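Comments concern the structure below.
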Amino acid sequence: MISDSDRVIAVELINEARANGARLKPACDELNISERTYQRWTKKGNIKKDQRPLVKRPTPKNKLSKEERLEIIRTVNSPEFADLAPSQIVPKLASEGIYLASESTIYRILKEEKMNTHRGKAKAPVKKEPPTHIAKSPNQVWTWDITWLNAAIKGQYYKLYLIVDMFSRLIVGHEVWETEKSEYAEILIRKATLSQGIAGRPLILHSDNGSPM
């Protein structure tokens, strides 16, 4: 649908092109409209306004009345249904022999009323951004991870505990064990801090999965 002002500009451009010797069809093609469209717009010598927005269309037979809409809003906000989603409300009402509207209709009404928020007793999920750290010198932030290494026997693995300084990318500590235990990580961290001479100093130890230690 083109606005009335754009329609006037289009007709003026086509008329100008025709006045300079262009044929109607190529001029219309440049604006991506058909010859019949141009002829309809300029019928009786005037530029006809778009009548589509002015047409009164019949109300759909299945459109909800104002009272029905208010009844839906009142029902979904009642204590019995306030914690339920429309996909739960409709079946529950149906079991009681009551039909107000389809799930999609209820969802649409909730959206139009700006009530399409988290419904339920559980708290709405909160997106948490992974923590980020900036190291401006060595031994401010370390990052660590456990990597599985293939063993000689198929299906068995060794666990490589590795600590890397975020600033210098220096491996400040590493050891290999057969299992994963927090005690092993504690031993490795203690050895690394002693080898770097920073035992007892503040240090951020950041795991590779995004959580701080």
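Derivation of every value follows stated rules applied to the coordinates shown; laboratory data play no part. A quick note: this is a predicted structure, and the numbers were derived from the prediction, not measured. All Cβ positions, glycine included, derive from the backbone under ideal geometry; neighbour counts span all protein chains shown.
Quick notes on this structure:
- Span-like helix check, the chain: qualifying full DSSP H segments, with Cα axial length of 18 Å or more and mean Kyte-Doolittle of -1.0 or more, are 4-19, 182-195.
- FRET efficiency estimate (nearest 0.05) - Cβ-Cβ, Asp29 to Glu67, R0 41 angstrom: 0.20
- Computed over region 66-112, the percent of Cα pairs more than 16 Å apart is 27.
- Look at the dipole of region 4-54 built from charges on Cβ: of Thr37, Ala17, Ser5, the Cα furthest out on the positive end belongs to Thr37.
- Both radii were evaluated on the Cα set of region 4-54; the Rg over Rh quotient, with Rh as the Kirkwood radius, amounts to 0.96.
- Its alpha carbons give region 1-103 an Rg and a Dmax of 26.1, 75 Å.
- Structure-derived percent of Cα pairs over 33 Å apart - corresponding label in (i) 35; (ii) 64; (iii) 10: (ii)
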